[in-house]
Every structure is written in structure tokens, then in C-alpha cells.
Amino acid sequence: MKNLGQMFKQAQEMQAKLAETQDELEKIDIEGSAGGGLVKVIFSGKGTVRGVHISPSLVTDGDVGVIEDLIVAAANDARKKVDARTAEEMNKLTDGLNLPAGLKLPF
């Protein structure tokens, strides 16, 4: 049983490291661009949209700020739906495995 105890300890250490890494990723900004820099999107390291920039030269009429805000809102809404669907699918996969409560997969 000593090996089992050691295995659980290693799993807990791995989970703590994963949580620390996820916290660090949340602090990172990653910028993607398209159209030679006319459109830029800024994500956190965990994939949350933090901002969008559209060059005014792409917009003939209207408020660019409103367009940018709507793009961010729509992207974040889609991201939440993806996360919910992923959780739902993971629950289907792990339903019969009798895993301990609170165990998060993947480690």
C-alpha cells in the first residue's frame, strides 16, 4: 500500500503544479493578427478573448468600438458553450469509472 500512497501524493503534487501553471497562463496575453495587422485579437494564455482591434480602414460606417465589443462578447459566449459541452462529454466518459469526488481530468 505504500506505493499507492506515494502515487496519490505524486498525483496531488501534479495537480498543484497544474493549477499553478493555469494561474500563470491566465496572466499571459497572446495576440493573433490577420490581414496584415488590420485585425488583432488578444487572448489570455487560457484561451479567453481579452480584446479585439479592427482597423478603422475596414469599417465604412458605424462605431468601431461597438463592433469590437460585440466580437469579444460573442467569442466569450461561444467559449463558455464549448467549455460546457466539453464538461458534459467528459462526464459521459467518466460516468462508470467510480472516480473520487473532486478528481479533475486530465491531471
Within region 94-105, restricting attention to residues that are surrounded by 10 or more Cβ atoms within 10 Å (Cβ to Cβ) and hydrophobic (A, V, I, L, M, F, W, C), which residue is modelled with the lowest pLDDT?
LEU99
Region 17-50: number of residues that are over 14 Å from ALA75 (Cα atoms) and among the hydrophobic types (A, V, I, L, M, F, W, C):
8
Out of curiosity, is SER55 surrounded by 11 or more Cβ atoms within 10 Å (Cβ to Cβ), free of Cβ contacts under 8 Å to residues at least 60 places away in the same chain and more than 18 Å from the chain's Cα centre (by Cα)?
yes
Failed criterion for GLY37 (all others in (1) surrounded by 11 or more Cβ atoms within 10 Å (Cβ to Cβ); (2) touching a Ser or Thr at 6+ places or on another chain (Cβ under 9 Å); (3) more than 25 Å from ASP83 (Cβ to Cβ) hold):
(1)
If I filter region 62-83 for residues that are surrounded by fewer than 10 Cβ atoms within 10 Å (Cβ to Cβ) and of a type in the set (Gly, Ala, Ser), do I get at least one hit?
yes
Flag for THR48 being of a type in the set (Val, Ile, Thr) and without any contact (Cβ under 8 Å) to a residue 12 or more places away in the chain
no
Going through region 2-26 one residue at a time, which ones are touching a residue at least 40 places away in the same chain (Cβ under 8 Å) and polar (S, T, N, Q)?
GLN15
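The values are calculated or read from the model by the stated rules, or taken from the named source; none is laboratory data. If you're wondering where the values come from, they're calculated on a predicted model, not measured in any experiment. We place every Cβ from the backbone using ideal geometry, glycine too, and count neighbours over all the protein chains shown.
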